[in-house]
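K.L.:
Next up is a structure, given as structure tokens.
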Amino acid sequence: MRLLTHNVLRNNTAAAARSTAPLRITATEVRVDDPPSAPSDDATRREVAFAKHALPILDWDALVQGAKAMGLDSLPPHVTPELAEGEGFLRALYHVLMNVHLVNGMLTCPETGREFPVTDGICNMMLEEGECE
Amino acid sequence: MSRPELTGHASLFYNAREARKYDSSSRMVGIQREITERAIELLNLPTPGPREGGTPSFVLDVGCGSGLSGQVLEEHGHVWVGCDVSRDMLNMANERIEEKREAALHGGDSSDEDDSSNDDDDESMNDGQKRATEPSPGDLLHHDMGTGLPFRPATFDACISISALQWLCYSNSKDQIPKRRLMRFFSSLYKVLRRGARAVLQFYPETSEHAILISECAARVGFAGGIVVDYPNSTKAKKHYLVLSFERAHKAPRGLTGAEGALLDEERTGVRVGDKDPKRAGKRGAKAPRKKKGSKTKEWILHKKETQRKRGKETRKDTKYTGRKRPMRF
């Protein structure tokens, strides 16, 4: 499960009462994919375009916290408009969003304590009927 | 042949053995790919697409199964998140993603393009293997769509679902109520899509009641749109696509009939749709007035009712509403 997915995930049980608080990551096994050594120009262009496109929907604080929990401290605490235009920043952002994977671990809801295990890169978000809204 | 949905829970049907069978049948794979291509077409995503200089979209794939549809999304250049209720199917999808990652890291094996060549983007779209030099931009979640989509509001640019939605119409335990699950799914889908986004959900309705239940739930949460039926006259080829959007003036595109020539590389049988309806031409009596063949005018309706009365059948009175033009629902 990559940081992009973690960033948009939330606990939608009735108990969480529509909270959009990010899930806390407890990482047991993390994998960081190295970016390809000689990416094609088009691949780079697409990465930058996607990072720019995704930026408005991200919960930046959640991203910083999540990255920290996975061992990455390189993200700035705030994003300024100038920073958001820089190609270097956008490429680094794409790398953080797409190449950092939680292979095994746990996601915990900060409001209710409900746990969502992650095994083999797949997060288990299965709910019982009784838990749903 | 009984429907898979009647045998029990989706995760029980799509167990490890079925998952492997599903994935290894080239006919199955071919059909699912075609359906996905058609769904992507119906999504009406911004042009140019990511492989033609545009921006990748963030797409949700509901009931992604073994990742066949995700693969097609990748070929188009989009980033996707898939969810499925069957862990076995997801494991297969994971295997595929792993293989792509290995291939990307090590420059691919003999069946893939050489990593050092810069532009692999004008390669043919047909063979997914040639794209293996890039790692997969797909992610997987083990999740039951009937419990509602667990994402923040206004996250996704689009949503597709291939051959999965009909599973919501069957309850597999005492506490599963189809209508409630459908409402949860659609109301959560409405929230997690960005404004202007579309959802295209291909499904296999067992009965027209199921199809109506599904569209009603979608309409009730606020979606505009409708069902597009491709090849309505062929039992085998017939496909239903629920196309949903936020545009009030949305007009669902016309389904394929086979007359426009193969959209994708296969021969299709279909019935010509046009002004001359061969079935009707012979039967219609000479008297009945019709403005143009294939449409019912008010005159024709009044004439028909008169005929019914003469035959002694119970017929409603003719009022100012008889044969009035009705407003379009979608």
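K.L.:
Among A:I122, A:I57, A:I25, which one shows the biggest mean-square fluctuation in a GNM of chain A, springs joining Cα atoms closer than 10 Å?
P.N.:
A:I57
K.L.:
Given charges of +1 on the Cβ of Lys and Arg and -1 on the Cβ of Asp and Glu, with all other atoms neutral, how large is the dipole of the protein assembly as shown about its Cα centre, in debye to the nearest 20?
P.N.:
The dipole of the protein assembly as shown has a size of about 5780 debye.
K.L.:
I want to check the label-to-label distance for B:E247 and B:N15. Put each point 7 Å from Cα in the C-beta direction and report it in nm to one decimal.
P.N.:
The two pseudo-label positions are separated by 4.7 nm.
K.L.:
Holding the Cα-Cα limit at 21 Å, pick out from B:K296/B:K320; B:K174/B:K239; B:K174/B:K238; B:K238/B:K296 the pairs that are longer than that.
P.N.:
Pairs exceeding 21 Å: B:K174/B:K239; B:K174/B:K238; B:K238/B:K296.
K.L.:
What per residue convex hull volume, in Å³, comes out for chain A when only alpha-carbon positions are used?
P.N.:
Hull volume normalised by residue count: 117 Å³.
K.L.:
Give the shape of segment A:1-64 as rounded, prolate or oblate, defined through the alpha-carbon gyration tensor: a ≥ b ≥ c are the square roots of its eigenvalues, a/c under 1.5 means rounded, and otherwise the shape is prolate if a/b is larger than b/c and oblate if not.
P.N.:
Oblate is the answer for segment A:1-64, as a/c is 1.5 or above yet b/c matches or exceeds a/b.
K.L.:
Each label point is 7 Å from the Cα along the Cα-to-Cβ direction; what then is the distance between the points at A:A38 and A:D73, in nm?
P.N.:
Output for this residue pair reads 3.6 nm.
K.L.:
Once the Cβ-Cβ distance between B:D175 and A:A84 is put in as r, and R0 is 41 Å, what FRET efficiency do you end up with, to the nearest 0.05? Write out the running numbers ahead of the final one.
P.N.:
Numbers: r = 47 Å, r/R0 = 1.14.
The computed FRET efficiency comes out at 0.30.
K.L.:
Estimate for me the total accessible surface buried between chains A and B (protein heavy atoms, probe 1.4 Å, no ligands or nucleic acids), in Å² to the nearest 100.
P.N.:
3900
K.L.:
Per residue Cα convex hull volume for segment B:181-254, in cubic angstrom?
P.N.:
Each residue corresponds to 86 Å³ of Cα convex hull volume.
K.L.:
Only Cα pairs under 8 Å and at least 6 apart count here; give the relative contact order of segment B:1-116 as a rounded whole percent.
P.N.:
Reported as a whole number, the value is 25 percent.
K.L.:
Using 1/(1 + (r/R0)^6) with R0 = 51 angstrom and r between the beta carbons of B:V29 and B:T297, what's the FRET efficiency to the nearest 0.05? Walk me through the numbers before you get to the answer.
P.N.:
Values: r = 49 Å, r/R0 = 0.96.
With a Förster radius of 51 Å, E is 0.55.
K.L.:
P(r) for segment B:21-77: what percent of alpha-carbon pairs falls in each 10 Å bin, starting at zero?
P.N.:
Calculated P(r), rounded to whole percents: 22, 53, 22, 4.
K.L.:
Here's a follow-up. How many nm is it between the label spots at A:E131 and A:R114, if each spot is 7 Å from the Cα in line with the beta carbon?
P.N.:
The two pseudo-label positions are separated by 0.5 nm.
K.L.:
Please compute the net charge surrounding A:T108, taking Lys and Arg as +1 and Asp and Glu as -1 over other residues with Cβ under 13 Å from its Cβ.
P.N.:
Details: positive: A:R10, A:R24, A:R114; negative: A:E111, A:E115.
Counting the neighbours of A:T108, the net charge comes to +1.
K.L.:
Can you pull the Rg over Rh of the protein assembly as shown, Cα-only, Kirkwood? Mind showing how you got there, number by number?
P.N.:
Details: Rg = 25.1 Å, Rh = 24.3 Å.
Rg/Rh for the protein assembly as shown comes to 1.03.
K.L.:
Helix-derived [θ] at 222 nm for chain A: sum -39500 (n - 2.57) over DSSP H runs of at least 4, divide by residue count, nearest 500?
P.N.:
On the way: 5 runs with 48 residues, N = 133.
Rounded to the nearest 500, it is -10500 deg cm²/dmol.
K.L.:
Please report the antiparallel percentage of DSSP beta bridges with both residues in the protein assembly as shown, rounded to the nearest 5.
P.N.:
55
The values are calculated or read from the model by the stated rules, or taken from the named source; none is laboratory data. Model, not experiment: these values are computed from the prediction. In this analysis, Cβ positions are derived from the backbone assuming ideal geometry, glycine residues included, and neighbour counts consider all displayed protein chains. Accessible surface is based on the protein model in full, side chains and every heavy atom, while ligands, DNA and RNA are left aside. Shrake-Rupley method; radii C 1.70, N 1.55, O 1.52, S 1.80 Å.
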